[in-house]
Amino acid sequence: RQRNGHEPEFLQAVQEVAETVIPYIVKHDIYHGKNILLRMVEPERLISFRVNWVDDDGEIQVNRGYRVQMNSAIGPYKGGLRFHPTVNASILKFLAFEQVFKNSLTTLPMGGGKGGSDFDPKGKSDNEIMRFCHAFMSELFRHIGPNTDVPAGDIGVGGREIGFMFGMYKKLRNEFTGVLTGKGATWGGSLIRPEATGYGNVYFADSMLKTKGDSFEGKIVTVSGSGNVAQYACEKATELGAKVVTLSDSSGYIYDEDGIDAEKLAFVMELKNVKRGRIHEYVEKYPSAKFFKGERPWGVKCDVALPCATQNELNGEEAQTLVDNGCVCVSEGANMPSTPEAIAVFHKEKVLFAPGKASNAGGVATSGLEMSQNSLRLSWSREEVDERLKDIMENIHKACVEYGTDESGYVDYVKGANIAGFVKVADAMLAQGVV
Ligand code: NDP
C-alpha cells in the first residue's frame, strides 16, 4: 500500500485478491512465510516509452506507451493493449495483475501482462490510427516476441489496430511469427477469437444458471458497452433464447423492450465497427427504442446482467437496484466493472456473481489457442475452436466451484477464481526459486 498508494485501481484489484487468498496462504504451510503475494504484486518489469506521431494536419503529437510484464512463472507474458485517454500505470497494473490469475485459470501456459497508451482513437482517421500504431510498435517490438510476450487487443484496439501493429513488427523483425493475437483469419488469426470473450462470458453465466437448474431461455438480459465483448455477449445470449434489452457506450444507454435481435445487432456492429458511430444512433434506426443520455443500464428490470464496458461501471447502489428488480445472475464481461460495494451486495443477496477474471477468460483462452495454431502452422475450424472454448469455460467454472463453495453451498466465485488462479502460479514460482 505504501509503495502503490497513488494507484487506486491497482490497490482495488490487489485488495480483492488479498482478502480471499491470504486466509488460504495462512492455512497452507507450503505458501506461508514465503512472501509469495508480495512478490506477485510487483511487476517483473514496467516499460514506459514515448510515442511520437504526425497527425493529418502535419502536427507532431506525443503520447505515452506502456507494457507491464507482470508475471512469467507459467508462460510468456500475455495480455491486451488498451488505447484510451484514461490509460495510466495504475489501470494497466490492475489489468496485468488480474490477467495473471485469469491466464492461470484457463489452464493454458500463459503468464500475465498488459499495455497500451493514453492515445484516444475517437475521431481519428484511418491514416492517423495507422501512423500511431506504427509509431507505438516501433518501440514496443524490442520488448515482445512469440516466446517472450504476446500482446492482444482490448478497449480501443481491435482487428484494425492489431493489423497495423503486426505489419510494423514483421517489418522490423523480418519474420512472420505469432507475436500478437487477434490477427485476421487470413494471416494467422484464429476463428472465434473476435467472438470469444462475449461468447465465453455467456457460456460461464449459463454454467452458473445450470447450478440452479436454470438457463438463458426466456431471460431478460441487460448488457453494458457496445464494443467487441458486448456485441458477442448479446449475440450468444440471444442465440440461447434470451432477450437482450440494453447496450451502451460512454454517452449513455439504449433500451429496446422488444429485444436486440440478430438484425438489430448487425446494425450495431456496422455502426460501431465500421462507421465508428455512437449508440444513440440506434434509436434513429429503431424509433421504438429509447436513449438515456449519460446513464447506465442498471436501473432496467432484468434477470441477468452482463457488464461489458469498463472498470467500476456498476456501483453498490446500482447493484442493490438490480437485485431489487429480480436480477439473479451477474457475469462480468469487462475487467472489474463492479465496485467492491457492488460485489458485497451480490454476495449478501446470494446472487450468482462471476468476476471478470473467470467469466471473461474466454478471450485470452482463445488467444492461447491462436498461439498454439501459429506454432503448429495450422488453423482449426470454427466448431473445433468453439468446442475448446466451451470446455475451457466449463473447467474454469468447475475450478471456481471447487475452491469457492462455502458450508451453505453458496459459491463465492470471486474466492474460487482467486484461489484457483493463485495456486498454479504460486507453485511455479516456488519451484523456480527466488528469481
Ligand atoms: P471496445 O473498445 O470494443 O468497447 C468498449 C466499450 O465500452 C465501448 O462501448 C465503450 O464506449 C465503452 N466504454 C469504454 N470506456 C467507457 C467508460 N469510461 N464509460 C462508459 N463506457 C465506456 O472494448 P472491448 O469490448 O474489447 O472491452 C470491454 C471490456 O472487456 C474492457 O474492460 C476490457 O478490458 C474487457 N475485456 C476485453 C477482452 C477482449 O477480448 N476484447 C478480453 C477480456 C476482457 P465508447 O465507444 O463511448 O468509449
Take every DSSP beta bridge whose two residues both sit in region 8-182, then give the antiparallel share in percent to the nearest 5.
70
Let me check against my output: what whole-number percent is the relative contact order of the chain, with C-alpha pairs under 8 Å and at least 6 apart?
16
Rounded to 5, percent antiparallel among DSSP beta bridges of region 194-359
40
Could you state the orientation-averaged shadow area of the convex hull built on the Cα atoms of the chain, in nm² to one decimal?
20.6
For Arg296, the net charge from surrounding residues (Cβ-Cβ under 12 Å; K, R +1; D, E -1) works out to -4
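At 0.36 nm per residue, and after removing the present C-alpha to C-alpha distance, how many nm does the segment from Arg160 to Ser288 gain when stretched out fully?
42.8 nm
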Based solely on C-alpha atoms, express the radius of gyration and the Dmax of region 288-435 in angstrom.
18.1, 62
Averaging 1/r across every pair of distinct alpha carbons in region 181-265 and inverting yields a Kirkwood hydrodynamic radius, in angstrom, of 13.6
Grab every C-alpha pair in region 8-182, bin the distances at 10 angstrom width from 0 up to the longest one, and report whole percents.
10, 37, 32, 14, 6, 1, 0
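Have a look at the DSSP beta bridges in the chain and tell me what percent are antiparallel, nearest 5.
Values: 27 of 47 bridges.
Roughly 55 percent of the DSSP beta bridges within the chain come out antiparallel.
Considering just Cα atoms, how many Å³ per residue does the convex hull of region 147-200 enclose? Mind showing how you got there, number by number?
Values: hull volume 4.8 nm³, N = 54.
Expressed per residue, the convex hull around the Cα atoms of region 147-200 is 89 Å³.
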Could you please report the charge total around Gly167, scoring K, R as +1 and D, E as -1 over all other residues with beta-carbon less than 14 angstrom from its beta-carbon?
+3
Checking the cross-link filter: which lysines have an alpha carbon closer than 20 Å to that of Lys122, excluding same-chain neighbours under 8 positions apart?
Lys272, Lys275, Lys293
Using θ = phi - 60° and the Karplus curve 6.51 cos²θ - 1.76 cosθ + 1.60, what whole-Hz ³J(HN,Hα) does each residue of region 338-354 get, with Gly and Pro shown as x?
8, 6, x, 5, 5, 4, 4, 5, 4, 5, 4, 8, 6, 7, 6, 10, 10
Whole Å is fine, so just give me how far the alpha carbon centre of region 258-326 lies from that of region 81-148.
26
Cα centre as origin, Lys/Arg/Asp/Glu Cβ charges: region 8-182 dipole, Debye:
520
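Report D for region 288-360 in µm² per second (integer): Stokes-Einstein, Kirkwood Rh on Cα pairs, 4 °C, 1.567 mPa s.
Diffusion coefficient, whole number: 107 µm²/s.
Tell me the mean residue ellipticity at 222 nm calculated for the chain from its helices only (DSSP H runs of n ≥ 4, each -39500 (n - 2.57), averaged over every residue, nearest 500).
Rounded to the nearest 500, it is -14000 deg cm²/dmol.
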Can you check how the C-alpha radius of gyration of region 194-359 compares to 2.2 N^0.38 Å, as a plain ratio?
0.93
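Only the coordinates and a few stated rules stand behind these numbers; no lab work does. Keep in mind it's a predicted model, so treat the numbers as computed, not measured. Cβ atoms come from the backbone with ideal geometry, glycine included; neighbour counts cover every protein chain shown.
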